[in-house]
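Below: one structure, written as structure tokens.
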Number of protein chains: 2
Amino acid sequence: MRRRALIDATLRSLERHGRDGASIRRISAIAGVSSGLISHHFRNKAKLIAAAYESLAIELQETLYRDSGAGDRSPRERVSAFIRASFAPSILEPRILNVWLVFWSMVMRAPAMRAVHDRTYRRYRSILGKLLQSVGRTRGVRVRARPAAIALSALLDGLWIELCLSPGTFRPTEAVMLCESWVDALCGGALPQLLQPGRRRSP
Amino acid sequence: MRRRALIDATLRSLERHGRDGASIRRISAIAGVSSGLISHHFRNKAKLIAAAYESLAIELQETLYRDSGAGDRSPRERVSAFIRASFAPSILEPRILNVWLVFWSMVMRAPAMRAVHDRTYRRYRSILGKLLQSVGRTRGVRVRARPAAIALSALLDGLWIELCLSPGTFRPTEAVMLCESWVDALCGGALPQLLQPGRRRSP
DNA sequence: CTTGCTACTGGACGTTCGATCAATTAGGCT
DNA sequence: AGCCTAATTGATCGAACGTCCAGTAGCAAG
């Protein structure tokens, strides 16, 4: 499908040139087609960018979810795999942050981009929330999925952004450790505001 | 000083128009001067943007530090004030995220921007690290300043970004709660990897 | 008053941008 | 083979971009 190829060319262009890569001419050059073809398959540039945003977000979530769910792991091991996958070399590529920054800067201006963001982030938090809840169950703790997912996703994103912006500040293994520590504290009952009020499940 | 006025106009332009605001013509229009004047005071556009980045980062840190240090508070109260100030309405203004996104997207391309980023973030982590260490001291716990500051700054940034991107997802008070919970867990010894190895200070 | 220097103006130049559209090619259906 | 639709091209348009520079205005020193 041509649309698929154009979306891929868009992502590659944004990786290479950042915001300057969001240009019909650059994208069409990378895709090896004429500039007019983009206007034929997408009404305008904004539609193409929004489609690329959705594509990237969904693909990333599927990668993370697949990596964490592989094999017959315990819930705690699946969270660890999710965290490790979030700081894998291919994800930490600073070029990829470029792409996200372009998308985020459009979220506040284009309603279509905001819709994509809200939808994909809700899914992201849903995945994280379920993972954390099942970990809590095996530890006899009732995790409140929503705030827990919000906190862990913020921690993951914040560490990932800083690692991309200046990779020398700390190492990916430190980022993994900081996330693991937070999960351990959650399971250990040290974050009581993130647990269901009332007694623990196995007293 | 004219340079000061041009930097302020740059920040206002980036707030209003995002990346499109980083244009000599828009900035000069907001400042009420001719386009040529910018090339007179700054060698080129990149120098102006870098100066604006440094100005914004330093001003923000001074605001946060002043708010947290006011009065004769206990260390724990100062951390709370720092966290609350990080989610104050004026900071949460989505327009301000626009400005940071533009700067971050340039960090990976312009060495001068990378230098500004590294310098200001080191200062930011230093402030946070000292605050957390002094809190730990009053609780009989020896906090490792560096990883603790990295984690809390990532949590603050991640929550702040998501709040700016879609303010309806959760409320600022929830963000404050999540950060406070993390600090409580740290002080309570629930994040052992973030403490100095060995015994607690008051056993 | 003249000289010299700095702040400042605004137009010119060459690029690049997004969108448009008439013209051309390709491919399946009858 | 003939035809119709869809895919694709590339030129063209006006607008906006960064930089440059010749020129004006203001002012302090001689």
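Assorted remarks:
- Taking both sides together, the accessible area buried where A meets B is about 3800 Å² for a 1.4 Å probe.
- Taken one residue at a time, the phi angles of the range B:161-172 give Karplus couplings (6.51, -1.76, 1.60, θ = phi - 60°) of 4, 5, 5, 5, 5, 9, x, x, 5, 8, 9, x Hz. Gly and Pro are set to x.
- Spacing of the two label points (7 Å from each Cα toward its C-beta) at B:Ser126 and A:Thr169, in nm: 1.5 nm
- The phi-based Karplus calculation (6.51 cos²θ - 1.76 cosθ + 1.60; θ = phi - 60°) puts the 3J(HN,Hα) values of the range B:52-67 at 5, 4, 4, 4, 5, 4, 5, 4, 5, 4, 5, 4, 4, 5, 5, 4 Hz, whole numbers, x for Gly and Pro.
- Helix-only [θ]222 nm of chain B, DSSP H runs n ≥ 4, -39500 (n - 2.57) each, per residue, nearest 500: -24500 deg cm²/dmol
- FRET efficiency for the A:Thr63 to B:Arg109 pair, using the beta carbon distance and R₀ = 30 Å, is estimated at 0.70.
- Magnitude of the charge dipole for the protein assembly as shown, about its Cα centre and with charges confined to Cβ atoms of Lys, Arg (+1) and Asp, Glu (-1), is about 0 debye.
- Label 7 Å beyond Cα on the Cβ vector: B:Ala112 copy-to-copy distances, nm: 3.6
- Each residue of the range A:71-83 was assigned a 3J(HN,Hα) from its phi angle through the Karplus curve 6.51 cos²θ - 1.76 cosθ + 1.60 (θ = phi - 60°); the sequence is x, 9, 8, 6, x, 5, 5, 5, 5, 4, 5, 4, 5 Hz, with glycine and proline shown as x.
- Label-to-label distances for B:Thr173 across copies, nearest first, come out at 4.3 nm, using points 7 Å from Cα in the beta-carbon direction.
- Of all accessible heavy-atom area on chain A, the percent that carbon and sulfur account for (1.4 Å): 51 percent
- Relative to the longest principal axis of the Cα atoms of chain B, the long axis of helix B:2-17 makes an angle of roughly 80 degrees.
- When A:Leu92 is represented by a point 7 angstrom out along its Cα-to-C-beta vector, the spacings to that point in the other copies are 3.3 nm, nearest first.
- Extending 7 Å from the Cα toward the beta-carbon at both B:Gln193 and B:Arg3 defines two label points whose distance is 4.4 nm.
- Net +/- balance of residues flanking A:Ala190 in space, Cβ distance below 11 Å, scoring K and R +1, D and E -1: -2
- Sequence-distant residues sharing a close amide H with B:Leu195 (under 5 Å, placed H): B:Arg144
The values are calculated or read from the model by the stated rules, or taken from the named source; none is laboratory data. Note that the coordinates shown come from a computational prediction; the quantities given were computed from them, not determined experimentally. Cβ sites come from the backbone with ideal geometry, for glycine too, and all protein chains shown count toward neighbours. Just so you know, the surface numbers come from the protein's heavy atoms only, side chains and all, with ligands and any DNA or RNA stripped out. Shrake-Rupley method; radii C 1.70, N 1.55, O 1.52, S 1.80 Å.
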